[in-house]
Structure formats: C-alpha cells, structure tokens
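Written out below as structure tokens is the structure these notes cover.
The values are calculated or read from the model by the stated rules, or taken from the named source; none is laboratory data. The structure displayed is predicted, hence computed values, not measured ones. Cβ placement follows ideal geometry from the backbone for every residue including glycine, while neighbour counts extend to all protein chains displayed.
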Amino acid sequence: MTILLFLAIVKELANPWGKAGEGEERDAAMSTFVLVHGGWSGGWTWEKVVPLLEEAGHEVEAPDLPGHGEDRTPIPEVSFQSYADRISGVLDAQTEPVVLVGHSSGGSVISQAAEQRPDKVKMLVYLAAFLLRDGEVLLSVAANDTESLILPNLVMSEDGSSATIREDVIREGLLADCSDEDVKRAKSRFVPQALAPFATPITVTEDNFGRVPRVYIETLQDRAVSPSFQKEMYERLPCQKVISMDTSHSPFFSAPEELAGHLEFLARA
C-alpha cells in the first residue's frame, strides 16, 4: 500500500459522515427535510427534532396538513388530495430534492406527494408509518392490524365525518414511553381527525413513486401500528433499509436525539 493511499483511507475513516473540511463547501453534506405528521396531530409533533436537525446544518420544514395544527380548514373540506397537495406545494418551494419523512398516516401522504413530485424527493422515510400499495385504502389496511389499539377505540362524530381517540387510550396507544408533560401537551393539541383522507385509495406508480428510494423506521413498542404490521408492510413493499427503534409510536417525543441521529445518518448516506 502506498503512503498516499494509506493517508486517503485515514482521512475517510476520520470523516465518516462526509463532512466538508475547512474551506470546502458545506452544502454537499446538508439536506432539506420535510417532516409530515400523522393523524390528529400537527407539525408541532416534530418540535424536539427540528432544532436538532437545524443545529446540524440542515433545513427543515414541518408543515401542518389541512385541518391540523394552526390550519383551520373545515373538516368537510379536508381530503387526501388536499393533504398531498399541501406537501407538493412545500416541495415546489424547495431548490433541491428533499428527504421526505412521514409518521403514521403521514406515510400515505408522502407516498402520494412523491408520486406527484418524484424529482423533488431524494428519499422517502416512513416512521412507524402506513406504507401502502397502489389502490389501497388506509382504513381498510389498518383494520387488518389486530394488535392496534386505535381503530377499536375511535369515537365518531355525529355526522361520521371525523373521529377522536378515547381519552383513556391515548397514552397507551400513542405515547406510552413519553413524559407526563409531553402527554399532557400532546393531548391538549390533538384535533378531530377528518376521515375522508383515510377512506381514499392511494394512487402510485412504479414510474414515479417507485423510483424514489425508501427507508422504514420501525418502532418496536408500538401499540398504534403494531411492529408485526409495520414489518408486513415493509416486506410486501420493500425498502432499501430498515432501522429499528425500541420506542412507542411517538419517538419524536420519547427519543428525539436518537431519531434525529437516524435521519442525519440517512441524509449523509
């Protein structure tokens, strides 16, 4: 081995994340993340993760879907297409392809957005998320997860257009390993979930959605989307990589540093 080759290997091992050295451009190692929340919640679910990624030099967007968080779209006007269009609009505003992350039901949203804007997405990351095949409907697929606590404990609105989760199940189902403070804060910010987006088939193709690399982050203590069901989804629609976290359904609250570390790793891979 020549001395030059030896020095090159040493340099690479000392810089495993691909960080630029002094005087080099940082942009090559930085990414833009778009973080998409799941049902009943809002962009606020990522509030512990966003600053960690930003401190590492990344750009981060955590938008509210229609009818969630600070968005006041009336429930009758909320649709699966409006979800996908909201994220497509965020993608259109970016100057480079993004790492698009979806949690829970947000998984179907990022799939549809990637179908609509495949050139705007460099990687799809499914966090304890619904990874659906073309034509599948979230509610129908979720009904097959017999270990989940969510569907059996929904409280429907009088007109059947939305649902909430029984108060006594929220912690066990969604936030089992989260602090009392985080549970209280999340409960105070949950909103009724419009059911139309969950009852609409996803439309994806191999030519668009299918050409975007996929990664799945499974949560091994999950009672909302059970670990066995997560595995079933990522096995029938394979991902390039599967990462395991020993958490409940909400690692952005219970393990934000670990989650941010995984996202950072994926962005630099």
(request) Answer yes or no: is there a residue in segment 90-105 that is among the β-branched types (Val, Ile, Thr) and over 14 Å from the mean Cα position of the chain (by Cα). (result) yes
(request) Kindly indicate which of Gly107, Gly38 is touching a His at 6+ places or on another chain (Cβ under 6 Å), at negative phi and at pLDDT 95 or above. (result) Gly38
(request) Just give me the residues in segment 250-269 being under 15 Å from Lys48 (Cβ atoms) and either in a loop (DSSP other than H, G, I, E, B) or in contact (Cβ under 8 Å) with a residue 60 or more places away in the chain (or both), in sequence order. (result) Ser250, Pro251, Phe252, Phe253, Ser254, Ala255, Pro256, Glu257, Leu259, Ala260, Leu263, Glu264
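Any residue at all in segment 102-110 that is over 24 Å from Ser254 (Cβ atoms) and not in a strand (DSSP E or B)?
Applying the first criterion (over 24 Å from Ser254 (Cβ atoms)) to segment 102-110 yields none.
No, segment 102-110 has no match at all.
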(request) Could you please find all residues in segment 201-230 being touching a residue at least 12 places away in the same chain (Cβ under 8 Å) and touching a strand residue (DSSP E or B) at 6+ places or on another chain (Cβ under 7 Å)? (result) Pro201, Val212, Pro213, Arg214, Val215, Tyr216, Ile217, Glu218, Thr219, Leu220, Gln230
(request) Would you tally the residues in segment 45-81 being crowded, with 17+ Cβ neighbours inside 10 Å and in a helix (DSSP H, G or I)? (result) 7
(request) Could you give me the residue pairs with C-beta distances under 7 Å whose first residue belongs to segment 154-170 and is on the phi < 0 side of the Ramachandran plot and in a strand (DSSP E or B), whose second residue is exposed (fewer than 14 other Cβ atoms within 10 Å of the Cβ) and of a type in the set (A, V, I, L, M) wherever it lies, and which are 6+ apart or on separate chains? (result) Ala163/Val155; Ala163/Met156; Thr164/Val155
(request) Return yes or no: is Lys187 among the basic types (Lys, Arg), in a helix (DSSP H, G or I) and within 27 Å of Leu124 (Cα to Cα)? (result) no
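Taking the condition part of a helix (DSSP H, G or I) and either in contact with a His (Cβ under 7 Å, 6 or more places away or on another chain) or in contact (Cβ under 8 Å) with a residue 12 or more places away in the chain (or both), does Glu181 pass?
So Glu181 does not fit the description; no.
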(message) I'd like to verify a number: residues in segment 223-269 that are surrounded by 22 or more Cβ atoms within 10 Å (Cβ to Cβ) and acidic (Asp, Glu), how many?
(response) 0
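If I filter segment 105-115 for residues that are of a type in the set (Asp, Glu) and surrounded by 19 or more Cβ atoms within 10 Å (Cβ to Cβ), do I get at least one hit?
The answer is yes, given that some residue of segment 105-115 is of a type in the set (Asp, Glu) and surrounded by 19 or more Cβ atoms within 10 Å (Cβ to Cβ).
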(request) Give me the pairs, please: first residue somewhere in segment 121-134 and over 10 Å from Gly102 (Cα atoms), second residue anywhere and among the polar types (S, T, N, Q), beta-carbon distance under 9 Å, and either six or more positions apart or on two chains. (result) Lys122/Ser31; Met123/Ser31; Met123/Gln240; Leu132/Ser108; Leu132/Ser111; Asp134/Thr203; Asp134/Thr205
(message) For segment 119-150, which positions are part of a helix (DSSP H, G or I) and surrounded by fewer than 17 Cβ atoms within 10 Å (Cβ to Cβ)?
(response) Asp119, Leu139, Ser140
